[in-house]
Amino acid sequence: MRIAANIGRKAIRITNSCVNMFVLLVVMLLVGFSGYAIWDSGQVIGAASSENYRQYRPMAEDGDASFEQLQMINADVFGWLTVFGTNIDYPVVQGTDNIRYVNTDARGRHALSGAIFLDYRNCPWFSDFNSIFYGHHMQNRVMFGEIELFANREYFHARRYGMLYFNGHLRGLEFFAFVHADAYDLSVFRVRIAGQEQQQAYLDLLLDMAVHVREDVPVTIGDRIVLLSTCSETSTNGRDILIGRITGETFNNPFAQDVEETQGIIAAIDTLSGLWARAGFWGRLSVMALPLLLILLAVFLIYTKRQRR
């Protein structure tokens, strides 16, 4: 009986040790994953910041050599897009399809954040009636992460202007509508619209769909319009689209050099912004619960140690 009891106690101690090691291993894995996820998200967001391209920003007066240097790095760079009052201040590229720059940056390097790119079917000199730009919807207001904020009426009306640089010339942008559409709505995502009737029908469609419209901007089919499109989190396959017209008149930036705070309106998280964002609710919850798990583990180890005594 005594031998059986000793064997039983040894089996319990071995089992306790195995359980302790397993719990410790799980906690260590969670700590490692959380640290890497936070680092990974920071890397992705940091790589997407417009600050990385500031040195290449073209000057309206004489054309900046640094922009030409960026074009030498990547020949697909053809212009620059700025939306005043936001962090949208990026070089723009155009590939031979609409896939390449989903995960390639403006320097031509692999990057989850991609680049701001023009639909491959559009003319890069903006002779088309409508031109469509695409960019990822990301957190921390990088890339097109701020487009969704234009759904707020006050935010939309406070940010009227931008600029578009192409072919060595600077043009103004005047934003007149914000639209929420489905990604597979081909009536919206179409280009090379020929004929006055078709162009008028397209313009009427956009205005009818608009969440907000700037009534004092008389847009006609004689204008050239641009659509800034990104993913939306308000609906499955949703797209948020800021729409403006190209003007010969350039506008002064009414905002300070530092981007104005958006008074608590936070851009939604893009699923491509890093492991932290991709971890989902339960993944982030488990990471935030790590301190509690560590405390429980310490209590458990102390308790089992005392039991052995």
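Read-outs: derived from the displayed coordinates by stated rules, not from any lab. Please read these numbers as outputs of a predicted model, since none were measured by experiment. Here the Cβ is made from the backbone with ideal geometry for all residues, glycine too, and neighbour counts use every protein chain on show.
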Notebook entry, point to check: Once label points are set 7 Å from the Cα along Cα→Cβ at both Leu296 and Asp185, what is their separation, rounded to one decimal in nm?
Noted result: 4.6 nm
Margin query: I'd like to compare 205-218, 132-145, 234-247, 75-88: which one has the highest average count of other Cβ atoms within 10 Å, and what's the full order after that?
Written below: 132-145, 75-88, 234-247, 205-218
Note to self: Quick check: from the Cα gyration tensor, does the range 153-237 come out rounded (a/c under 1.5), prolate or oblate?
What the structure shows: rounded
Item checked: GluC sites (Glu not before Pro) within the range 137-213, DSSP loop, no more than 10 other Cβ atoms inside 10 Å -> none
Check: Residues of the range 219-248 with amide nitrogen under 14 Å from the 7 Å Cα-to-Cβ point of Asp204?
Finding: 221
Check: Using every alpha carbon pair in the range 66-272, what percent of pairs falls into each 5 Å bin from 0 up to the bin containing the largest distance?
Finding: 1, 7, 16, 21, 22, 18, 10, 4, 0
Next item on the list: With a 10 Å radius around each residue's Cβ, average the other Cβ atoms per peptide and rank 116-123, 181-188, highest first.
Entry: 116-123, 181-188
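From the square roots a ≥ b ≥ c of the eigenvalues of the alpha-carbon gyration tensor of the range 72-154, which class results: rounded (a/c under 1.5), prolate (a/b over b/c), or oblate?
Details: a/c = 1.88, a/b = 1.30, b/c = 1.45.
Oblate, since a/c reaches 1.5 and b/c is not below a/b.
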Note to self: Please give the charge dipole size of the range 66-272, origin at the Cα centre, charges +1 on K and R Cβ atoms and -1 on D and E Cβ atoms. Round to the nearest 20 debye.
What the structure shows: 440 debye
